1. Let me know the shape class of chain B, please: from the alpha-carbon gyration tensor, a ≥ b ≥ c as square roots of the eigenvalues, rounded when a/c is under 1.5, otherwise prolate if a/b is greater than b/c, or oblate.
2. Picking from B:SER510, B:VAL330, B:LEU596, whose Cα lies most toward the positive end of the charge dipole for the protein assembly as shown (charges on Cβ: Lys, Arg +1; Asp, Glu -1)?
3. Note the full-extension length gain between B:MET557 and B:THR379 as 0.36 nm times their separation in residues minus their Cα-Cα distance, in nm to one decimal.
4. Which FRET efficiency value, to the nearest 0.05, do you get for B:ARG276 and B:TRP64 by plugging their Cβ-Cβ distance into 1/(1 + (r/R0)^6) with R0 = 45 Å?
5. Could you list which residues have their amide H under 5 Å from that of B:SER510, counting only those 5 or more apart in sequence or on another chain, with H placed in the peptide plane?
6. Can you tell me the mean projection area, over all orientations, of the convex hull of segment A:19-174's alpha carbons? Units nm², please.
7. Rounded, prolate or oblate, given the Cα gyration tensor of the protein assembly as shown, with a/c below 1.5 counting as rounded?
8. Sort out for me the Cα centre separation of segment B:539-600 from segment B:459-505, rounded to whole Å.
Amino acid sequence: MRFERVREFFRWFYRYRSIRLTSEGTRFVLLSLAVGVAAINTGNNLLYLLLAMMLSLIVMSGILSEQCLKQLTIRRRVPEHIFANRPTTAALSITNRKPRVPTFSLRVMDVVAGVAVDRGIHLLHVPPRAGTLQSYPLLIARRGRYRMEGIKLLTRFPFGLFIKAATLPLGADMVVYPELTPLPDVLVRDLTALGHDKPTPRRGQGVALYNLRRYQPGDDSRSIHWKTSARQARLMVKETEAEDQRHVSIALPTAVPEGREISGAPSSPGEHSFEQAVGLTASLASFFHARSYAIRVLIGDREIPHGIGMTHLYQIFRVLGLCHPTPALESAPMSEGFRTLGERTAMGELTILVLPWADPRLTAECRGVSRVLRAGDLP
Amino acid sequence: MNLERAFRLSSVLLAASGFTGLILTGQLPIGLVGLGLVSLAVSLAHVVGWGADWLIFRLSREAWNALIIAAFVALGVDFLWISEDLLPAGVHFLVLLMVNKLLTLQERKDFLHLYAISLLEILSAAALTVELWYGAVFVAYLLAAIWTLLLYHLRNEAEEAHAILQLTGGPMDPVRTPGPITGRFFWTTNGIAVGAFCLTLAIFFVIPRIGAGFFQKNRAELIRTSGFSEKVDLGIIGSIKLDETVVMRVEFPDQKGPVAERLYFRGAAYDVYNGRSWANSLARRHVVGRTQDGVHIVVATEPSSTEQTGLRQEVLVEALDTPALFGVPVVDSVKGLFFLMLVDGMGNLYLPYLPSTRFQYSAHSIPSNLLEEERTAKTFSYPSHVKEHFLQLPGLSPRVAELARAVVRQAQTPYEMAIAVERHLREDYRYSLDVGITVPESPVEEFLFTRKSGYCEHYATAMVVMLRALGIPTRLVTGFLPGEWNDFGNYYTVRQWDAHAWVEVFFPRSGWITFDPTPSVTAAVTSPLWSMLGRVVDSIRLKWDRFVILYSFRDQMAVAQDIRERSDKVRSQVSASLASTLRWVAAGRARVAEFLRASD
């Protein structure tokens with residue numbers, strides 16, 4: 001029991017500070033041992049003096065490297081929206097809070113899933129009471145949650161005999177959106193044509209309430225919502241949906257049909273199909289957003305109602321980033337959204353069903369949708 | 001200065017400091033010294049940009065490797081036929097390797113090899129010398145090593161940072177590129193060196209001295225002394241009276257300044273005089289007892305009496321060619337790092353072996369005072385063995401005895417006779433080292449009646465034969481006078497020219513009492529500044545010897561004991577003051593309570 005506690009303590013201790021020998025350090029330590037043996041064998045005090053010098057260099061290495069790693073403030077800045085396989089830029093702000101002592105030879109790494117990832121940040125000199133902002137490219141291969149657990153600081157200062165590392169618990173949680181890929185030309189043409197053959201209502205001010213917000217100079221006074229303004233004692237205006245807004249519903253089932261297994265491994269065929277479907281859904285959302293469609297998405301049981309704007313789009317990306325295949329029960333009823341996908345649509349609304357894999361039951365159920373796409377079938 | 005140049009300069013200086021250590025050992029042939037110095041100068045000129053590039057890297061790598069192989073062959077030849085010892089041969093080989101590296105410094109590994117060579121050089125120097133200069137070389141080496149290792153590391157880091165920048169195409173941020181060596185960096189690095197030096201000293205004194213010196217090989221030459229063997233020719237001390245070589249240094253830890261009375265460091269005593277030389281007929285030695293604390297007891301005394309009246313001496317003796325131990329008479333105990341100590345019938349103290357290096361010991365003496373009743377006693381009854389050994393005379397002319405009787409004609413007691421002879425010799429004879437080249441038939445008669453000048457041996461021998469002629473047991477003693485008092489280190493520096501001979505006169509109850517018939521000699525006048533500098537350097541040398549070269553497990557135990565005693569003292573003082581505070585508080589409370597009762 002006591003031994004376990006000791007081991008636990010050392011595990012905790014080494015999580016924050018660790019030290020290991022470099023190749024030069026190994027030679028130096030071996031040489032020190034040899035001098036020590038010579039001193040003991042000869043009883044020569046001058047050899048003891050040299051041994052003391054070598055040991056003092058080792059001790060000084062420990063003291064000075066600790067000074068290097070002390071009183072550093074690190075802040076990480078990561079972009080708000082990150083897409084899989086799309087390079088982005090993160091930044092680390094490193095400040096030396098020591099009043100007199102500079103920091104030398106500092107390497108800064110991210111700790112991801114317990115592994116230090118070198119971002120190429122190598123600082124030779126950070127003066128006292130000074131800081132620096134270091135940006136680095138960040139490329140994440142897979143969508144989903146991405147957690148940076150901390151920061152690992154390494155230094156070989158002062159003599160390059162040891163590598164001293166300190167781990168700072170500076171966590172950062174991100175949701176990586178699915179990879180956006182350009183849609184095939186064939187599909188683009190098809191979708192464009194599909195949009196145009198639908199009837200479009202007249203242009204003008206709509207009536208369906210979209211949002212209530214505070215009055216801003218320049219707003220049409222006719223749009224003031226007097227009841228709410230009276231209730232909140234400040235001017236509020238109503239925003240209505242434009243009547244010429246085209247609508248699109250994109251559905252992505254996440255239930256894995258009977259007889260198909262998802263191993264969870266990224267390289268497995270089922271998982272790959274699902275990822276392709278997620279990517280296609282995100283790309284479709286992006287495509288329709290660029291064409292000012294009001295987009296509604298159905299992702300498994302989750303429904304995001306029609307909406308426009310970047311915030312809405314990022315909400316869709318976020319849900320897509322976090323969705324994952326779920327096992328479907330034979331007796332489980334199909335969700336309301338999917339059952340009515342081909343029926344309950346606004347005027348001129350497009351409905352697109354993106355299938356990760358062949359699902360005859362769903363295809364039969366959603367017979368009325370505008371298009372059924374299978375990610376794997378696209379060129 | 002930029003980082004690269006500073007790095008190369010410090011690397012060359014590191015090699016130079018290691019090489020200096022080797023040169024100062026005196027073990028390098030002049031050719032290798034010249035070769036090493038030239039290569040250092042060329043490398044230095046190349047680093048500082050004085051245009052020595054034409055000399056560097058002229059030869060190809062293969063040619064240099066061929067030279068290394070040749071040097072290795074030379075090492076074998078040197079070891080087998082020239083030096084016939086691995087250490088000198090290895091040192092010669094090291095110099096050749098250093099020359100090679102200095103002239104081919106290009107890659108990172110070349111610098112690492114140079115550092116390893118310089119470390120081996122300074123290690124070899126440590127094995128070859130114990131002199132004070134090694135301390136200076138060591139400090140220089142430590143400073144250069146700190147600079148070099150630091151700059152080597154920063155240079156490597158700069159190279160790696162540069163490689164990363166090239167790979168990522170990042171901006172040339174000031175924090176990612178090496179700057180010049182600034183004044184702040186200079187002083188910071190020197191501060192690190194000072195810190196490392198202090199830490200080195202701390203570690204040096206703390207590392208347990210578990211070494212027994214099994215493979216220690218002494219290479220120091222012994223200092224030749226005269227007058228301490230079993231047979232001493234008259235006049236032999238005269239040959240060293242102009243030699244200023246230091247033979248020992250003596251501290252008196254219980255005294256604050258120089259000792260008031262005249263001191264003699266007794267080495268050997270002789271009883272048999274054959275007219276030309278002195279001999280010791282009681283030279284049979286036996287081992288003296290040793291206590292558990294390592295103290296060799298020569299004369300058993302009451303501890304309380306000796307502690308109060310004794311004289312403690314810390315003696316640091318150079319590597320002399322005699323096993324004799326020196327001390328102020330009468331030495332009653334000796335403590336040192338030797339398991340055995342011998343004493344002969346004359347009270348002479350010896351080590352059982354010839355010490356090959358300088359060594360130190362602590363001696364304790366009790367003064368030999370003449371008892372008042374013996375000062376005034378007219379005759380003594382001497383034991384037969386005393387009469388047998390210490391009244392012996394060679395075949396001298398009757399003039400000697402007549403002179404003795406004439407000198408002491410007014411003396412009533414043996415003590416007064418001794419004083420009269422001592423005064424006569426001091427006042428009527430002249431001190432001179434110039435006694436001629438030819439050895440007379442009877443040097444003492446030559447001294448007494450013809451030349452009437454001589455040095456300590458003549459004076460002492462003359463007094464011995466005159467007192468023996470009067471029937472007073474006497475013997476000749478050789479040793480050293482205290483020499484020069486060093487007020488910087490609070491010790492006496494004893495040199496060869498302080499060698500001295502004097503007389504011991506036997507009194508049955510008081511023992512052997514010292515008499516010195518040699519007149520005082522005025523020391524040669526030297527420049528005060530030069531003399532002061534000499535004393536400062538000598539005191540540093542003593543501290544170097546005592547605290548570095550001869551620092552031992554015994555010293556560590558003494559320091560530990562001292563710390564323990566001090567901490568005990570502090571603890572008792574703290575507890576005493578706490579107790580008194582508590583008593584004071586309790587008394588205060590009692591008084592307040594009494595006052596309150598009274599007021600009620």
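Here, each number is a calculation from the coordinates, and none is a lab measurement. Note that this is a predicted model, so its numbers are computed, not measured. Backbone-built Cβ (ideal geometry, glycine too); neighbour counts: all protein chains shown.
1. Because a/c hits 1.5 or more and a/b fails to exceed b/c, chain B counts as oblate.
2. The one lying farthest along the dipole's positive direction is B:LEU596.
3. Stretched out fully, the B:MET557 to B:THR379 stretch lengthens by 58.8 nm.
4. 0.10
5. B:LEU371
6. Across all orientations, segment A:19-174 yields a mean hull projection of 10.6 nm².
7. It comes out prolate by the Cα gyration axes.
8. So the separation of the two Cα centres works out to 47 Å.
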